[in-house]
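Structure, as structure tokens:
Coordinate-derived values only; no laboratory data. Worth saying up front: this structure is predicted, and the values here are computed from it rather than measured. Here Cβ is always computed from backbone atoms with ideal geometry, including for glycine, and neighbour counts include all displayed protein chains.
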Amino acid sequence: MIVGIGKLDLFLPESTSLKEKRQRVRRIVERAKQRFNVSIMEVDRNNLWQKAHIGFSVVGERREEIERIMQEIEEFIESFYFGDIVSSEKEILVLGDGI
């Protein structure tokens, strides 16, 4: 089993309140869940109205597939034009004897 873990730091310059930021983040998270069938949520900076950290994980059998899906998730989130991805961290874990 191969697990991909990712974290995206977003800057949302057009958010003018926590309520507006949460609506935008919720929209991103729900649409990513529907499209990619992944675990995804806001994981940090919940009380800052122009910054968000979104964490996600992908499970599969092939490393190439996991890397592709993780890249597609990042591109999908960028396509919302709510703000900029300031940084991105990704890690692939291999559990058991899968390669």
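Can you tell me how many residues within segment 6-22 are over 10 Å from the mean Cα position of the chain (by Cα) and more than 13 Å from Gly83 (Cβ to Cβ)?
The total comes to 4.
Please count how many residues of segment 42-59 are closer than 18 Å to Gly96 by Cα and either under 10 Å from the mean Cα position of the chain (by Cα) or crowded, with 17+ Cβ neighbours inside 10 Å (or both).
Residues flagged as closer than 18 Å to Gly96 by Cα and either under 10 Å from the mean Cα position of the chain (by Cα) or crowded, with 17+ Cβ neighbours inside 10 Å (or both) within segment 42-59 amount to 2.
Restricting to strands (runs of 3 or more DSSP E) lying wholly in segment 36-99: which have 3 or more residues that are in contact (Cβ under 8 Å) with a residue 24 or more places away in the chain and over 14 Å from Asp9 (Cα atoms)?
51-60, 84-94
With Ile92, Ile66, Ile77 as the choices, which residue is aliphatic (A, V, I, L, M) and under 13 Å from the mean Cα position of the chain (by Cα)?
Exactly one of Ile92, Ile66, Ile77 is aliphatic (A, V, I, L, M) and under 13 Å from the mean Cα position of the chain (by Cα), namely Ile77.
If I go through segment 1-41 residue by residue, how many of them are touching a strand residue (DSSP E or B) at 6+ places or on another chain (Cβ under 7 Å), of a type in the set (Gly, Ala, Ser) and surrounded by fewer than 16 Cβ atoms within 10 Å (Cβ to Cβ)?
Going through segment 1-41 one residue at a time, the tally reaches 1.
Ala32 is checked against (1) assigned to a helix (DSSP H, G or I); (2) of a type in the set (Gly, Ala, Ser); (3) more than 17 Å from Gly4 (Cα to Cα) and fails just one. What number does that condition carry?
Tallying (1) assigned to a helix (DSSP H, G or I); (2) of a type in the set (Gly, Ala, Ser); (3) more than 17 Å from Gly4 (Cα to Cα), Ala32 fails exactly one: (3).
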